[in-house]
1. I'd like the antiparallel share, as a percent to the nearest 5, of DSSP beta bridges with both residues in the chain.
2. Mind ordering 84-95, 254-265 by average Cβ neighbours within 10 Å, highest first?
3. What residues have an amide H closer than 5 Å to that of residue 288, excluding those fewer than 5 places away on the same chain, when H is modeled at 1.01 Å from N in the peptide plane?
4. Using only Cα atoms, locate the centre of the range 304-331 and the centre of the range 468-518, then give the distance between them in Å, rounded to an integer.
5. Could you tell me the distance between the Cα centroids of the range 196-266 and the range 1-65, to the nearest Å?
6. Report, in whole Å, the centroid distance computed from the Cα atoms of the range 404-441 and the range 557-634.
7. How would you rank 18, 25, going from fewest to most other Cβ atoms within 10 Å of each one's own Cβ?
8. Give the lysines whose C-alpha is closer than 28 Å to that of residue 473, dropping any in the same chain fewer than 8 places away, or say none.
Amino acid sequence: MAAEHSNYADFYRRSIDERDAFWAEQARLIDWHQSPKTICDYGKPPFARWFPDGTTNLCHNAVDRHLAARAQQSALVAISTETNTECAYTYAELHQEVQRMAAVLQALGVKQGDRVLIYMPMIAEAAFAMLACARIGAIHSVVFGGFASSSLASRIEDAEPVVIVSADAGSRGGKVVPYKPLLDEAIDLSAHKPAAVLMVDRGMAPAAMRAGRDHDWAALRAQHLDAQVPCAWVQAAHPSYTLYTSGTTGKPKGVQRDTGGYTVALAASMRHIFQANAGDTYFCTSDIGWVVGHSYIIYGPLIAGMTTILYEGLPIRPDAGIWWSIVEKYKVTHMFSAPTAVRVLKKQDPEYLKKYDIGSLKALWLAGEPLDEPTATWISGALQVPIIDNYWQTETGWPILTLCNGVQQQASRFGSPGKAVYGYNVKLIDEATGEELTAPNQKGVVAIEGPLPPGCLQTVWRNDERFVNTYWKSIPGRLIYSTFDWGIRDEDGYYFILGRTDDVINVAGHRLGTREIEECIAGHPNIAEVAVVGVADQLKGQVAMAFAVPRDASGLTDAAARLKLEGEVMKQVDGQLGAVARPARVLFVTQLPKTRSGKLLRRALQAVAERRDTGDLTTMEDPTALQQIKDLLG
Ligand code: AMP
């Protein structure tokens, strides 16, 4: 297919102007039980139904489909530098393990359409669980293992899982993080109770089992060693999973993905974006708790018949050469990571990069946060392979902006993730008027004209209204999808992302809602009011900084009391949301900067914290509020 379209501009234009013909061709990249006759049903905008009369199965396309040609090829290699273990599974073995997991889930009562929540570290069983759900048509909802009990509880409540799959513990930097106490607490907090909990025992932390509810994976697996569980052929629109993401309210949104459109979108991306060949090896350093992990640790590489590496550990442990040693050992061809990880490596001794033969590597893709020029230049010089930035969101499931080098090789421009990806009708919109900005180099909101291409969110789980109101109604007078990112486009069609239009922040490539953190901190008995903003950080891109007004300020005059309260607040965030959301600093003030109408001046707070000019403050109620913060920051 790619060969027929050597010109990317034509390829892109066709994807928009001859949408159905274009996607009918892409649909042939996957196996269907019943091939779709209708390509896109957009009769009820903004809800797009892709391939509505087709039936397929995601697990079949990721696993079973390859058994004929590559049963003995490695499909999944689980490497942990936390436990010093490496475990490889061929496609035949993966097929068997997934069937065992599927049989166990069925024995625990899971049926097609039921939800299974997966709260797990980066171990092979997490991949088995995801694929097993896809196999039987259950909807998985993976919750990042770094989230703590109240984040987990709100997701359990929303997803209402029949079963939760978990493990005794994860590990980070050699420190064991027991999962079971957090999970038990979350289930206690949640109004919804799962019928069963399936526990993988890694032998890392004692896990108290609740009789009647909790089950041991090893014991149940032993009862289903020869399980044969056929793939359930589901309608293309059948949800494959939900994945929660932060927004501007405290309540996370369950991004709901379909089956057929997602499988096609990933298969096409593996070809046109990643130039992947079956038998290649893909090493994505993300986590299964994030969208990148869903699309490019598990499903995308497996759909393409590649070997995928699942990695538990840090990039610098046991030393900063670990990733390159993996590249050498497994002849990794494709690597996918985030700019923060590269910035971490950049601080280490460059000799580590020279120790290993990384000649197999074809390119490194980076996503999740802006890729700054010094980081891109450094890693490009060190690896001597193309560095390909790509911009997307949990909602879209695959890149919106990048360079589709599988269609036509195009030069990277530092600072730009690239051009609009085929299928995405990307527009820049004037926020105030809703008008499209067609001239080059104008700043606008990055928006996408419907229908969104296959693979993007169908809706917000059980909340169509929230889907429409949040994403499609933010621009006056238009029904258009907003990414909530600012951007500009140059004369050659390269986009540059200039930050969020809303209160979402991006810490080390992880998206966090400031409201969620504020709600958590406000729950501390001595906090009257709090504002959390994202502040530029050299390593993590942004960090969260909290400004809090204590109820009882009397004891806060000395540094020791402030430090104590700051520690308590951080502990509260760690315990409820997880360390990933912990603010870098909590500063105590007597008032927050607000307008006369009582609206919090977040931008001014952020500007002060970043030591920038605060701009026009005429609407501000009491200008001394900012002075106090400036004094505190020194
Ligand atoms: P998430 O849904 O967690 O993947 O976060 C998506 C958000 O991360 C986007 O809306 C952007 O704000 C940011 N983002 C992701 N990739 C990039 C990139 N390549 N360049 C700049 N920002 C990015």
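Laboratory data are not the source of any read-out in this text; all were calculated from the coordinates shown. Here the structure is a predicted model, which means the values were calculated and not measured. Glycine gets a Cβ as well: all are built from the backbone with ideal geometry, and neighbour counts include every protein chain shown.
1. Details: 58 of 99 bridges.
Among the beta bridges of the chain, antiparallel pairing accounts for roughly 60 percent.
2. Details: 84-95: 17.4, 254-265: 27.9.
Final packing ranking: 254-265, 84-95.
3. When sequence neighbours closer than 5 places are left aside, there are no close amide H contacts.
4. If you average the Cα positions of each part, the centres end up 32 Å apart.
5. First find each Cα centre; the distance between them is then 26 Å.
6. Cα centres, the range 404-441 to the range 557-634: 36 Å.
7. Neighbour counts put them in this order, fewest first: 18, 25.
8. Excluding near neighbours in sequence, the set is 44, 251, 253, 419, 427, 443, 594, 599.
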